[in-house]
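The values are calculated or read from the model by the stated rules, or taken from the named source; none is laboratory data. Note that the structure is predicted; figures quoted are calculated from it, not measured. Glycine gets a Cβ as well: all are built from the backbone with ideal geometry, and neighbour counts include every protein chain shown. Note: accessible area is taken over every heavy atom of the protein model, side chains too, but ligands, DNA and RNA are not part of it. Shrake-Rupley method; radii C 1.70, N 1.55, O 1.52, S 1.80 Å.
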Amino acid sequence: VGVAVLSFLPAMATAAAVPSRDLDAAKEAYAKGDVEASKLAHAARAPEKHSKVGGHLKSIVYGGLDGIITTFAVVAGAAGGDLAIEVVLILGISSVFADALSMGVGDALSTKAANQYALEERAREMWEMENNPEGEIQEMIEIFEEKGLSKEDATTAIMAMSKNKEFFVDLMMAFELELEVPSEDDNPYFDGLVTFCSFVCFGFVPLLGYVVLYSIDLGDDKVTILFIIACCLTGLMLFVLGALKTMFTIQKWYAGGLEILFFGAMTAAVAYLIGLLVEEITGFSEGNDCRRM
């Protein structure tokens, strides 16, 4: 019964002993739906290795995605508004660093707050377990019954797991409060730094053409050419970011790339149309020094 119950514990996997299996082969077998290959992967008894990069995937993906889309939205809006290259650079670069700082600090503070809340709740659950173990055990039995176990099986499983107080409290966190206990090496400020760096790195992509080719004479269509280059670079990096995301998910690489490319393109199109609309309504481009040069 205890083995069956453990299948309910994805949030507690990091607290358990490291299993032995060929993780890469197991993932490949799952992707192909190959049951026999999956059995062989689990019988291989190879030490399972988990990528720490995957733990920061959220910060990398969302930081990078926001960086690209936010900066390109500025570029697209400026292009729609018929603004000069200098204006694009000023707005774009200032936007990259200001938004990156905001994203990084927000990620760090929100993660820190969530971790503190989880640790406070764990301390309370530990206190309750030490002072009223019978009540906590009964609560967990009822929860496991709701999950589909019989009263007898739930009681057997919970009584066995309650012998390990630390493990049982983490179990209560997962099932009763639906909270994940942060690991000892979890650093919210590092998560914020990852978000900041990802935002800046990817956010500069739409501006590369403007920066590199700024002093080069490309004729009367220079602004249009630079905007087309920005579109191509942004589209490419959106696809790459989406594809990289699938390294830690079960989604196909091309599906992930096309998904982010599609939503990024929609966002940029909205920004361009708004810039164009504002220009038409205000007549901003007529005789304005901020127009393209």
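Quick look at the values:
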{"item": "Of K163/K245; K32/K245; K58/K222, pairs whose Cα-Cα distance is over 29 Å", "result": "K163/K245; K58/K222"}
{"item": "Heavy-atom surface of the range 142-203, accessible at 1.4 Å and reported per residue (Å²)", "result": "56 Å²"}
{"item": "Cleavage-rule hits, GluC sites (Glu not before Pro), the range 157-188, DSSP coil, Cβ neighbours within 10 Å at most 13", "result": "E178, E184"}
{"item": "Residue order for M126, M103 - accessible surface, 1.4 angstrom probe, largest first", "result": "M103, M126"}
{"item": "Convex hull volume per residue in cubic angstrom - Cα atoms of the range 121-277", "result": "195 Å³"}
{"item": "Largest to smallest accessible area among Y272, Y30, Y117 [probe 1.4 Å]", "result": "Y30, Y117, Y272"}
{"item": "With all protein chains modelled, accessible area of D217 [1.4 Å, Å²]", "result": "130 Å²"}
